[in-house]
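Scroll down for the structure; my scribbles are underneath it.
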Amino acid sequence: MTIGTKKRLAAMMLSAVLLFVSACGNGGNGGNGGGNSGSDGNSGSANSAGGNGAANADSEGTNAGASAKDPVTLRILGSSGFTEDIVKSIAPGLEAKGIKLETEYYDWVTYDGKQKLAMTSQGGDYDLVFLPGNYTVLWANSKAALPMDDFFSKYGYDENDYYESVKSYGKVDGKWYMAPFSAEAMVYFYRKDLYDAAGLQPPKTMDDMYETAKKLTKDGVYGIAYPGGPDEGSSSFWSYFFWSHGGKYYDDAMKPLLNTPEAVQSAELFAKILKDAAPKGVATWQNEETVAAFNSGSVAATIMWPGYLSSFTDKTKSKIYDKFAVAPVPVGPSGKAVPRFGAWGIAVTSNVKNKDAAYEFIHEFTKPETMKEIAKQTSTASKSVNADPELRKLNPTLGASADVLDTAQERPSFAESAQINTQVGNAINSIVAGKPAQATLDALQKTVEGILKDAGYYDK
């Protein structure tokens, strides 16, 4: 079987998006650049950052810019998170240039539905949309976002300062369709007090991780925990094991590779570590339960998103707020650590009313001074900012996340991917619960092949 043409695939991706308008978010997408659990629980909000003006319907996309006599209002859609504060901080300077901001922020599920609806109408009423990196291809192929190569040349951005993993999602057919600002990979949080007492260092390999976790499973403490629950939990975190074993989801003809030796071995190790060194209920856990367990002091380590740092350092929630440290995730049999990562950027919609004003907003948000503020919250898309030693002192996850971003990956994104990710997660969860890996993944392989065949991905 051979893959269909790009145009046919793009059309199928766009038409199927409508079926997922209310779909839940991926684990690495929540919280506006966060890599959090998907929703931070905040309700939606709409406000004017830096002014109360209404949208200027007379402004044209080719306008030379804004001025005090002819103010421009930009409408912006985002997911709730730290970016709200960043936008508020740059709003006064933009208003002084005649650019007012009307912002809408929503919890992940609400945001996800709104951005998908906007995508079907070339951006809807929005001029700018904060986008997870793996959504960029959908917006580009649906003609809802404008190519942005001229933005990078206009402001003199150095493309070599972006990680290859970030560029792979920010670009479509060789053109930029978003300006990236954050990129974070899974990291290894561990109880430094327990490791020091046992004379242990954070593990360098997955085999070391298993042995270390077994040694620390004693006296009412378990050696490690990561989400082993159905759907997104297992799907998200197993991907790190899978890629680090040298696996990949599909071949060039879009045939799934989910029952290969790499898939079986990584699934077996994923389940073995949890069976021998994690709390008994971990087969039902998602991010939230895993984070709660680490905060309670009942587990000695966890693989988790950097965005949860604020929870671990919260004295009102965490018993270990001053007892943990952060390291990169261990490497796998491939010789590499290939964790899942989440990237965020800003896209200009095809309905933008003043492209120059939109570019000015993006520049203010992504210039080095602003990116340094973002780095205090999470790792950024900029190599040079992430390398700043002072910032690494302020944010202990920064180095552990940033240092693997060149090898980090994200699960393939297309219209059926949410459905497939659920099937993958449920299969891995079954293995965690005791089902044989090879037989379970053989069945998964057939299921995913059927989904793609029914969707028309293969030539007759």
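Only the coordinates and a few stated rules stand behind these numbers; no lab work does. Since the structure is predicted, the reported quantities are computational estimates derived from the model, not experimental observations. Note that we place each Cβ from the backbone using ideal geometry, even for glycine, and neighbour counts take in every protein chain shown.
Cross-link candidates for LYS214: which aspartates and glutamates have Cα within less than 20 Å, leaving aside residues fewer than 8 places away along the same chain?
ASP193, ASP196, GLU268, ASP276
In nm, to one decimal, how far is the modelled label at ASP442 from the one at ASP314, with both set 7 Å along Cα→Cβ?
Output for this residue pair reads 4.6 nm.
Can you pick out the pairs among LYS218/LYS317; LYS114/LYS154; LYS315/LYS376; LYS272/LYS317; LYS171/LYS355; LYS192/LYS275 whose Cα atoms lie more than 21 Å from each other?
LYS218/LYS317; LYS114/LYS154; LYS272/LYS317; LYS192/LYS275
Roughly speaking, what is the stretch gain from ALA253 to LYS154, that is 0.36 nm per residue apart minus the C-alpha to C-alpha distance, in nm to one decimal?
Numbers: separation 99, 0.36 × 99 = 35.64 nm, distance 3.82 nm.
The ALA253-LYS154 span can extend by a further 31.8 nm.
Which of LEU194, LEU146 has the fewest other C-beta atoms within 10 Å, and how do the rest follow up to the most?
Fewest to most other Cβ atoms nearby, the residues stand as LEU194, LEU146.
By how many nm would the segment from THR284 to VAL109 grow when fully extended, if each residue of separation counts as 0.36 nm and the alpha-carbon distance is taken off?
60.9 nm
For LYS446, go through the aspartates and glutamates and keep the ones whose alpha-carbon is under 13 Å away, minus same-chain ones fewer than eight residues off.
Counting by Cα, and skipping residues close in sequence, LYS446 has these aspartates and glutamates nearby: ASP454.
What is the calculated FRET efficiency for GLU390 to THR120, with r their C-beta to C-beta distance and R₀ = 45 Å, to the nearest 0.05?
0.55
Starting from the Cα of LYS167, draw a straight line to each of the aspartates and glutamates and keep only those under 13 Å, dropping any in the same chain fewer than 8 residues away.
Straight-distance partners of LYS167: ASP149, ASP158, GLU159, ASP406, GLU410.
Any idea how far apart LYS215 and ALA325 come out in nm if each label point goes 7 Å out from Cα toward Cβ?
Placing both labels 7 Å along Cα→Cβ, they lie 1.4 nm apart.
For the pair ASP196 and ASP276, how long in nm is the line joining their label points, each one 7 Å along Cα→Cβ?
Those two pseudo-labels are separated by 2.8 nm.
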